[in-house]
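To start, the structure itself, in structure tokens.
The values are calculated or read from the model by the stated rules, or taken from the named source; none is laboratory data. All figures in this text were calculated on a predicted structure; none of them were measured in a lab. Every residue, glycine among them, receives a Cβ derived from its backbone with ideal geometry; neighbour counts consider all protein chains shown.
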Amino acid sequence: MTVVVTGASGQFGRATVEGLLQRLPPEEIVVMTREPAKLADLQARGLDVRRGDFNDPVSLETAFAGADRMLLISASLVGSGSPSTPTPSTPPRRPA
């Protein structure tokens, strides 16, 4: 089983990865971040570090490839660049 952890370079993401490492071997954990250099230490420990950005949908294909499960750990906005996703300056759409 391969698990992808998004937001792995953040505080909660790192804590999640450390918890997973107590249950799974490193080769079963993929960590995703917008800046892979921030996870060089996890790569050195045997984890697969992949670049992924919710504002760049093409990057997600590669980031999620081969994964059986995903742990979505994110900031308050996922894919804030998407026209259908509200941003702090854009109020949510109301049903017609």
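Could you grab me the full set of residues in the stretch 36-55 that are modelled with pLDDT of 95 or more and of a type in the set (Asp, Glu)? Lay out the reasoning, then the answer.
Residues of the stretch 36-55 modelled with pLDDT of 95 or more: 36-52.
Residues satisfying the conditions are ASP41, ASP48.
Just the residues that are buried (at least 16 other Cβ atoms within 10 Å of the Cβ), touching a Ser or Thr at 6+ places or on another chain (Cβ under 6 Å) and assigned to a helix (DSSP H, G or I), please, taken from the stretch 29-59.
The answer is LEU39, and nothing else.
Note down all Cβ pairs under 7 Å where the first residue falls in the stretch 1-23 and is closer than 12 Å to LEU39 by Cβ, the second is of a type in the set (D, E, K, R) and surrounded by fewer than 16 Cβ atoms within 10 Å (Cβ to Cβ), and they're at least six residues apart or on different chains.
SER9/GLU35; SER9/LYS38
Just the residues that are surrounded by fewer than 19 Cβ atoms within 10 Å (Cβ to Cβ) and either over 20 Å from SER74 (Cα atoms) or modelled with pLDDT of 95 or more (or both), please, taken from the stretch 1-14.
MET1, THR2, VAL3, listed by residue number.
Please enumerate the residues belonging to the stretch 1-49 that are in contact with a Pro (Cβ under 7 Å, 6 or more places away or on another chain) and on the phi < 0 side of the Ramachandran plot. Working first, answer last.
Here is the first cut: in the stretch 1-49, the ones in contact with a Pro (Cβ under 7 Å, 6 or more places away or on another chain) are 45-47, 49.
Passing the criteria: ARG45, LEU47, VAL49.
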